[in-house]
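Data block below; observations after.
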Amino acid sequence: MAVKITAMTAPRASRRAAGTQNVTDVLLSWTFIRRRSVEQDAADLLQGQVFEVAALSKTIGRTVLLNVGKGRQIQHLKIGSLFVAQGQPLVWRERRTKQEAVLHGPFALTKLEKKVPLNGRLAYYELTTAEGSHEVALPKKDAPLVLIAIGQKAVETPAAR
């Protein structure tokens, strides 16, 4: 599962997807100032906009092992962003190190039955690429956007249960 890690800059000008929120977005929602919707994001994606989707992964990019005692190690869940654009390779950027990995198609995204601990807004998905399979946690609202970007028909509703 070798993924090419690069040190390039972010793909074109990108915008956060509707389900990917930072502190400012949360504060704005508390004041009833609405951000763009999932439907608007899907329309903009088809027009060529690049989106940044928050993601968690253990296997994309570099693998980090944590010692858990008695000589055992587990893979560390890394926080990052997945940059998606219509008909383009996916780009993963790890938040802490800023290292990027380019993932090439054909792609497939399948929802897994596992639940993300302590977070009802994220869901685990299996992202299959030419380099191999990766388990990623994505915001439920942004999964249809990723499906459209990789050329797979969105099966979930925009509200994303």
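The values are calculated or read from the model by the stated rules, or taken from the named source; none is laboratory data. These numbers were taken from a predicted model, which means no experiment stands behind them. Note: ideal-geometry Cβ built from the backbone for every residue, glycine included; neighbour counts use all protein chains shown.
Numbers for the structure displayed
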{"read-out": "Subset of the stretch 1-38 (residues that are under 12 Å from V53 (Cβ atoms), among the polar types (S, T, N, Q) and modelled with pLDDT of 75 or more)", "value": "S14"}
{"read-out": "Among residues of the stretch 39-83, those that are without any contact (Cβ under 8 Å) to a residue 12 or more places away in the chain and part of a strand (DSSP E or B), counted", "value": "8"}
{"read-out": "Filter result for the condition that a residue is among the β-branched types (V, I, T), modelled with pLDDT under 90, loosely packed, with under 11 Cβ neighbours inside 10 Å and more than 19 Å from A13 (Cα to Cα), over V116, V68", "value": "V68"}
{"read-out": "Selection count, the stretch 130-146, where residues are assigned to a loop (DSSP other than H, G, I, E, B) and of a type in the set (D, E, K, R)", "value": "1"}
{"read-out": "Residue in the stretch 92-99 that is in a strand (DSSP E or B), at pLDDT 85 or above and within 19 Å of A18 (Cα to Cα) present", "value": "yes"}
{"read-out": "Some residue of the stretch 103-125 being more than 13 Å from the chain's Cα centre (by Cα), within 17 Å of R62 (Cα to Cα) and either part of a strand (DSSP E or B) or not aliphatic (A, V, I, L, M) (or both)", "value": "yes"}
